[in-house]
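A.B. asks: Could you have a look at this structure, given as structure tokens, before my questions?
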Amino acid sequence: MSNKTGFAASLKSLPKNLFSGFVVSLIALPLGLGLAIASEAPPLAGIIAAVAGGVVVSIFGGSHVTIAGPGNGLVIVLLAAITTLGGGNLFEGYLYTLAAIILSGVLLFVFGILRLGAMSEFFPATALQGMLAAIGIGILAKQFHIMLGIRSVSGDTIDQLMAIPDSFLNFLAFHPFSGLIGFLSLVFLFLYSKIRNPYFHLIPAPMWVVVVSIGIGYYYNLVLKQATPIDPELLIKIPDQLFTNLPRPNFNKWYDLDFLGVVLSITLVAIIESLLSIKAVDKLDPKKRRSNVNKDLRALGLASIVSGFLGGLNVVTVIARSSVNVNNGGTNRSANFFHAAFLVLFVVFLGDQIQRIPLTVLAAILVFTGYRLATPENLLRVYKIGPEQALIFVVTLASTLFTSLITGIVIGIVFTFIVHLFLSKNIILFSLNIFKPNVLMYLEEQSGNYYVSVKNFCTFLNFYKLKAKLDQVPETEHAIVDFSLCDFVDHTVMEGIHDYQRSFSRKGGNFETIGLDIHAAETQHPFAVRKTLPINVLLGLQNALSNRQKSLEGFANQIGWEYNPELNNNPEGLDTFLFFESKVINYRINSLLKPDKTFSVFDLSFSEGAFITKEDLKATFLFFKVNQPLPVFVLDKEDLKTTLYQWAGFDDINFTKYPDFSKRFHLSGNDSKAIRKLFTPELIYFFESHPFFHIESNGRALLIKGKDRLSSLQEVKMMLSFAEDLHLLLSHRGKKVQE
Amino acid sequence: MAFKAFKKLLFGFAFSPSLKANVFEVTRLASFLDASLVFVHIGSKTDEKEQQFQNILEECPDIPPNVELFWRQGKPVDSLVNICKELDIDLLLLGALKREKMVKFYLGSIARQLTRKAPCSVLLMLNPSIDRHPCKHIVVNGFDSPQTKETIEAAFEVGQALKSEKLTLVEEVSESRVAVAVSDDRSLRKATLRKEKINREEKLRVVDIVKKIPDQKVQGLNWTTQSIFGRRGYSIGHYARVVRADLLVMNAQEESSFLQRFFPKDLEHILAELPTDVLIVQSHKDE
């Protein structure tokens, strides 16, 4: 975990990125195969896209920890393209689609040059969610049948959805064994995040199901000496001569309206998916760097062109794989390259094993992906923001399902605008001011604050103007955004502002919004649409305290501390701890605070990973300030995971005189000299003899974490007594040093 | 170009509901500036109208020493422009119209044309009232142009006369001057440093101008500078609204070609949504 810059440091971080690249390739292999098959393209097309993405984007890209490859959103578009462009002939359609992919790569490249990366802000957030949900349903609908072993279901998405109950009831009549494997894989994928074994989590879920399914085939062959019960037509086929029979893209239809429509759809979805992914991954980057979006678009365009000529799908930035990269220690673009290299190695050397993967298992992975895109939780979350948002979501979802992607999103955008008109009841506000500038920003000389004032209205239609100004403020500074002169602020803007708040607090800056108090919102949700109207006082019902909360409150009273059960959306002071480097803190709740404000215990909800690898976690933490400055360090239990990290270059500071401590604990930090000085024999003995907690120092304070779940009252008491003893020991040491 | 003090004011009036408030405002202003005041009505002269006007005039608490009244016929814009030239007027006063059902103030076409064609400086009065609202904070543009020196002098002069407390000189810098596209951390740093440099240069330039103004005009007024990176003409208007300034002082537009009329530029942004009272200072090319 060294923070040095320069070539030497990049070299030093290569092992880390090699490791994370390897882990990403474990998930990229099944996903690449599955996405290609789901689009009715040859299975290798997905792998080719991933390899092209990994190589080209790692060289030319502008982001730091993203992974490029075939995208989830594009399955629907490519499927439609391959089936219709060839007039029924799938292979012909595939060749035409390759040409479309190449052209869309060119378009993407041009967008990158024209700096149109800001385009993503034009899509209202909720309409986008609706579109993505529709894509998820589309994937789910088609793949559900294949997962159960039934390949004969056809028709459009609605027909396929309707046929699900039928397939479910009858699948045993077709290919029972394969179907069962597929179904069980799906169950496993859902249960994976519930299993909190760290060894288990070293291998991503999709890889587990793939390996097990290959294993079953081998078990039948080698142990039972029988033919595998999986029907050969349900296995993946990889051509023998990989590099000689490259397909030739067919450009003959370039003037055809359908073809151009395909090119446009591919480009549109590619841009949306890539830009959303890059934005989301920037939030997870442990080094908190800002990506050059336009440079990335250019690289993705180039990669798509290369991939198209080699017969692969088009290349976008993918969020799930990028989040796996970040979680496993990826720090720079070499991880992307290594993931591509490992994929090539897999295909070349493990081709045989790959051909033993049943399609049903890949379909299960895709059904899971589709579900995550379209999960009903999304609709609920959207409804909590405001009922009109739920309406926009449903309308966009329905129109995308019943028509096409482009029509769907256009209807979504238009409908959002109509909803805004309806809410504000003021068409003049929009019509007069839509093309006018409405943002002012200047640097206040005395305070050093960046002051931004927004006038008239701020919605997805003109958010890009506000964004252009806000992007010019370094995130380490103090920014104040004033909406008092603004009569209407929509949800897309509120969410965008929240993103800014997050990124500013991550980098140590401060981002404040003022002027929204006079605006009324339909709900109390921070992202709800704001409009100036007489304020309706909403009386919220106070939720009764749960049993655990009551006992925490009782405990607080007992020791004379304050107890606050309320939710805090933006807890401060935690971003400097390494634990949260690649995680997103959702909220803090149930905090116990010592009167002198030095000690606090609280529950934290945070999430790790993104999209299909996203896991929402909760844990109880203890935070206390120390009197004298300490070196920055992390003390963890030594287990398989940390051993692997050691191989990948994360240093463990060992003490030859204390083998027990060195064996049981993994201690890391930059300043090993200061850390060794801090860890006196007394301190080492203290840790050896007390129950284990994860402890981190950020220099001025210590953060202690117990289990990977909320702690019971007894555990809180244990943690507190541990912390108090530790505090005593450290202050004692400080006094000793001073003497 | 030296600044010529506002000694001769002209107010073109119409018989509207806000006439009384307007008359009170302009007589107050004239007495502060120690200037003579000319009232002009474009339209027919009737005894009734004359009586009505004299009644209002008599109610004014501070009437300047020289008050004249003219009645003219013909097209409003041309007649006013002519009489300004005739009488060698220094400052033309105009009232803003209040749009029905909308609180925003806008300028009717007559006033807009006058701001373009007037041979002298123009003051647009946003919210005339019978009682005095003190003019505490003046915002003046510091645009890099030969006109600016006169404009700043005018601002100080008016500030002194109206006993203002604070004066802010705003330099609007076009974003293109930074010439660095912010796309990632490195370019952001580069852009921020460039902006700091431009900020310092602009501040020096403006402070230089103020130094050349005779001391007694500057004394007593608390003045500061503020750079804003944004669209010229728009940013200063928005700024004036945000800081709740009482008066905004701008350079008159340079000769606008036929094409420029179509594309909103500078003053157009201000005139479309009047943030405050606006004083447009016409520069004098000959001494």
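Bear in mind that the values in this text are calculations on the coordinates, not laboratory data. The structure presented is a predicted model; accordingly, all values stated were derived computationally and were not measured. Cβ placement follows ideal geometry from the backbone for every residue including glycine, while neighbour counts extend to all protein chains displayed.
A.B. asks: Neighbour counts of other C-beta atoms within 10 Å: give me A:TYR450, A:TYR563 arranged from fewest to most. The partial results should precede the final answer.
C.D. replies: Working: A:TYR450 21, A:TYR563 18.
The order, fewest Cβ neighbours first, is A:TYR563, A:TYR450.
A.B. asks: Compute the Cα gyration tensor for the range A:255-404, then decide on rounded, prolate or oblate, letting a ≥ b ≥ c be the square roots of its eigenvalues: rounded whenever a/c is under 1.5, prolate when a/b is larger than b/c in the other cases, and oblate in all that remain.
C.D. replies: Details: a/c = 1.43, a/b = 1.30, b/c = 1.10.
Because its axes are fairly even, with a/c under 1.5, the range A:255-404 counts as rounded.
A.B. asks: Going down the list A:LYS283/A:LYS707; A:LYS618/A:LYS707; A:LYS288/A:LYS705; A:LYS142/A:LYS237; A:LYS287/A:LYS583; B:LYS136/B:LYS217, which pairs span over 18 Å between their C-alpha atoms? Each step should come with its number before you reach the end.
C.D. replies: Numbers: A:LYS283/A:LYS707 25 Å; A:LYS618/A:LYS707 10 Å; A:LYS288/A:LYS705 23 Å; A:LYS142/A:LYS237 20 Å; A:LYS287/A:LYS583 12 Å; B:LYS136/B:LYS217 16 Å.
Going by Cα-Cα distance, A:LYS283/A:LYS707; A:LYS288/A:LYS705; A:LYS142/A:LYS237 fall outside the 18 Å limit.
A.B. asks: Size of the dipole of the protein assembly as shown about the Cα centre, Lys and Arg at +1 and Asp and Glu at -1 on the beta carbon, nothing else charged, in debye to 20? Walk me through the numbers before you get to the answer.
C.D. replies: Numbers: 104 positive and 96 negative charges, 335 e Å.
Using Cβ point charges on Lys, Arg, Asp and Glu, the protein assembly as shown gives about 1620 debye.
A.B. asks: For A:VAL316, enumerate residues with amide H under 5 Å from its amide H, sequence gap 5+ or separate chain, H modeled in the peptide plane.
C.D. replies: A:GLY69, A:GLY71
A.B. asks: Which whole-number percentage describes the relative contact order of the range B:23-98, with Cα contacts under 8 Å and a sequence gap of 6 or more? Kindly include the intermediate steps, with their values, before the conclusion.
C.D. replies: Details: 69 pairs, mean separation 29.9, N = 76.
It comes to 39 percent, rounded to a whole number.
A.B. asks: Same structure again: In whole Hz, what ³J(HN,Hα) sequence does the range A:272-287 give by Karplus (6.51, -1.76, 1.60; θ = phi - 60°), x for Gly and Pro?
C.D. replies: 4, 4, 5, 5, 4, 5, 4, 4, 5, 6, 4, 6, 9, 4, x, 8
A.B. asks: Sticking with this one: For chain B, which DSSP H helices look membrane-span-like by this rule: Cα extent along the axis of 20 Å or more and mean Kyte-Doolittle of at least -0.5? Could you put the intermediate results ahead of the total?
C.D. replies: Numbers: long enough: B:19-33 (21 Å, 0.81); B:147-161 (21 Å, -0.42); B:185-211 (39 Å, -1.10).
TM-like helix candidates: B:19-33, B:147-161.
A.B. asks: Run through the range A:553-638 and list the trypsin sites (Lys or Arg not before Pro) located in a DSSP loop whose Cβ has at most 10 other Cβ atoms within 10 Å. Each step should come with its number before you reach the end.
C.D. replies: Working: sites: A:LYS583, A:ARG588, A:LYS597, A:LYS614, A:LYS618, A:LYS625, A:LYS637; in loops: A:LYS597, A:LYS614.
Those that pass, being in a loop and sparsely packed, are A:LYS597.
A.B. asks: Could I ask something else about it? What are the residues whose amide H is under 5 Å from the amide H of A:LEU485, where those residues sit 5 or more places off or on another chain and H is modelled from the backbone?
C.D. replies: The answer is A:VAL454.
A.B. asks: Going by the alpha-carbon gyration tensor, a ≥ b ≥ c the square roots of its eigenvalues, is chain B rounded (a/c under 1.5) or, if a/c is not under 1.5, prolate (a/b greater than b/c) versus oblate?
C.D. replies: Numbers: a/c = 2.06, a/b = 1.75, b/c = 1.17.
Judged from the Cα gyration tensor, chain B comes out prolate (a/c at least 1.5, a/b above b/c).
A.B. asks: Based only on other Cβ atoms within 10 Å, what is the fewest-to-most ordering of A:LEU401, A:LEU260, A:LEU440?
C.D. replies: Numbers: A:LEU401 21, A:LEU260 14, A:LEU440 25.
Fewest to most other Cβ atoms nearby, the residues stand as A:LEU260, A:LEU401, A:LEU440.
A.B. asks: Now for a different question. Please give the calculated 222 nm ellipticity per residue for the protein assembly as shown, where each DSSP H segment of at least 4 residues contributes -39500 (n - 2.57) and the sum is spread over every residue; nearest 500 deg cm²/dmol? Don't jump to the answer; show the numbers that get you there.
C.D. replies: On the way: 37 runs with 496 residues, N = 1026.
After summing the helix terms and dividing by the residues of the protein assembly as shown, the value is -15500 deg cm²/dmol.
A.B. asks: Could you grab the relative contact order for the range A:241-371? Cα pairs under 8 Å, six or more apart, rounded to a whole percent. Could the numbers behind the result be given before it?
C.D. replies: On the way: 62 pairs, mean separation 32.3, N = 131.
Relative contact order of the range A:241-371: 25 percent.
A.B. asks: Among A:PHE368, A:VAL269, A:GLY609, flag the residue with its Cα farthest along the positive direction of the charge dipole of chain A, charges on Cβ as +1 for Lys/Arg and -1 for Asp/Glu.
C.D. replies: A:GLY609
A.B. asks: Could you derive backbone 3J(HN,Hα) for the range A:335-341 from the dihedral phi with the Karplus parameters 6.51, -1.76 and 1.60 (θ = phi - 60°), listing whole Hz in sequence and x where the residue is Gly or Pro?
C.D. replies: Working through the residues one at a time gives 4, 4, 5, 5, 5, 5, 4 Hz.
A.B. asks: Counting DSSP beta bridges in chain B, what percent are antiparallel, to the nearest 5? All intermediate terms of the calculation are to be shown ahead of the outcome.
C.D. replies: On the way: 5 of 45 bridges.
Around 10 percent antiparallel, to the nearest 5.
A.B. asks: Moving to a separate point now. Which percentage, to the nearest 5, of the DSSP beta bridges contained in the protein assembly as shown is antiparallel? Present the calculation step by step, with values, prior to reporting the outcome.
C.D. replies: Details: 58 of 110 bridges.
Within the protein assembly as shown, antiparallel bridges account for around 55 percent of the total.
A.B. asks: I need the shape label for the protein assembly as shown. Rule: rounded when a/c is under 1.5, else prolate if a/b > b/c, else oblate, with a, b, c from the alpha carbon gyration tensor.
C.D. replies: Numbers: a/c = 2.43, a/b = 1.68, b/c = 1.45.
Judged from the Cα gyration tensor, the protein assembly as shown comes out prolate (a/c at least 1.5, a/b above b/c).
A.B. asks: A further question follows. Among the lysines, select those whose C-alpha is under 22 Å from the C-alpha of A:LYS455, and discard any that sit fewer than 8 residues away in the same chain.
C.D. replies: Here the lysines satisfying the reach criterion relative to A:LYS455 are A:LYS425, A:LYS436, A:LYS465, A:LYS467, A:LYS469, A:LYS531, B:LYS98, B:LYS101, B:LYS104, B:LYS265.
A.B. asks: Okay, moving on. How well do other chains shield peptide A:286-292, expressed as the mean number of their Cβ atoms within 10 Å of each residue Cβ? Could the numbers behind the result be given before it?
C.D. replies: Details: counts 0, 1, 1, 3, 7, 3, 7.
The shielding value for this peptide is 3.
A.B. asks: Would you mind telling me the antiparallel percentage of the DSSP bridges in the range A:391-522, rounded to 5? Don't jump to the answer; show the numbers that get you there.
C.D. replies: Details: 5 of 17 bridges.
Close to 30 percent.
A.B. asks: Continuing with this model, one more query. Which of A:THR126, B:THR225 has the fewest other C-beta atoms within 10 Å, and how do the rest follow up to the most? Kindly include the intermediate steps, with their values, before the conclusion.
C.D. replies: On the way: A:THR126 31, B:THR225 19.
Listing A:THR126, B:THR225 from fewest to most nearby Cβ atoms yields B:THR225, A:THR126.
A.B. asks: Write out the trypsin sites (Lys or Arg not before Pro) in the range A:1-93 meeting two conditions: DSSP loop, and at most 10 other Cβ atoms within 10 Å of their Cβ. Spell out each step's value before the answer.
C.D. replies: On the way: sites: A:LYS4, A:LYS12, A:LYS16; in loops: A:LYS4.
Hits after loop and neighbour filter: A:LYS4.
A.B. asks: Just need the relative contact order of the range A:421-513 here, percent rounded to a whole number, with Cα pairs under 8 Å and 6+ apart. Write down the numbers at each step before the final one.
C.D. replies: On the way: 135 pairs, mean separation 25.6, N = 93.
Relative CO of the range A:421-513 lands at 28 percent.
A.B. asks: Going toward the positive end of the dipole of the protein assembly as shown, with +1 on Lys and Arg Cβ and -1 on Asp and Glu Cβ, which of A:ALA299, B:ALA35, A:MET719 do you reach last?
C.D. replies: With unit charges placed on the Cβ atoms, the residue in question is A:MET719.
A.B. asks: Could you tell me how far the Cα centroid of the range A:333-408 sits from the Cα centroid of the range A:653-721, in Å?
C.D. replies: Computed from Cα coordinates, the inter-centre distance equals 40 Å.
A.B. asks: Separate question: Shielding of A:440-450 by partners, i.e. mean partner chain Cβ atoms within 10 Å per residue? Before the final figure, lay out the partial values.
C.D. replies: Numbers: counts 12, 5, 12, 8, 1, 6, 1, 0, 0, 0, 0.
The mean count of partner-chain Cβ atoms within 10 Å per residue comes to 4.
A.B. asks: Which GluC sites (Glu not before Pro) does the range A:397-501 hold that lie in a coil by DSSP with at most 15 other beta carbons within 10 Å?
C.D. replies: Numbers: sites: A:GLU444, A:GLU445, A:GLU475, A:GLU477, A:GLU495; in loops: A:GLU444, A:GLU445, A:GLU475, A:GLU477.
For GluC sites (Glu not before Pro) across the range A:397-501 that sit outside H, G, I, E and B with at most 15 neighbouring Cβ atoms in 10 Å, the list reads A:GLU444, A:GLU445.
A.B. asks: Alpha carbon centre of the range B:124-193 versus the range A:216-275: separation in Å?
C.D. replies: If we compute the Cα centre of each part, the gap is 62 Å.
A.B. asks: Now for a different question. Just checking the output field for A:464-472: average partner chain Cβ neighbours within 10 Å of each residue's Cβ? Spell out each step's value before the answer.
C.D. replies: Values: counts 0, 0, 0, 0, 2, 3, 0, 4, 9.
Per-residue shielding by partner chains comes out at 2.
A.B. asks: Out of residues 5 or more away from B:LEU167 or on other chains, whose amide H comes under 5 Å of its own, with H placed 1.01 Å from N in the peptide plane?
C.D. replies: Hits under the 5 Å cutoff: B:ILE138, B:ASN222, B:TRP223, B:THR224.
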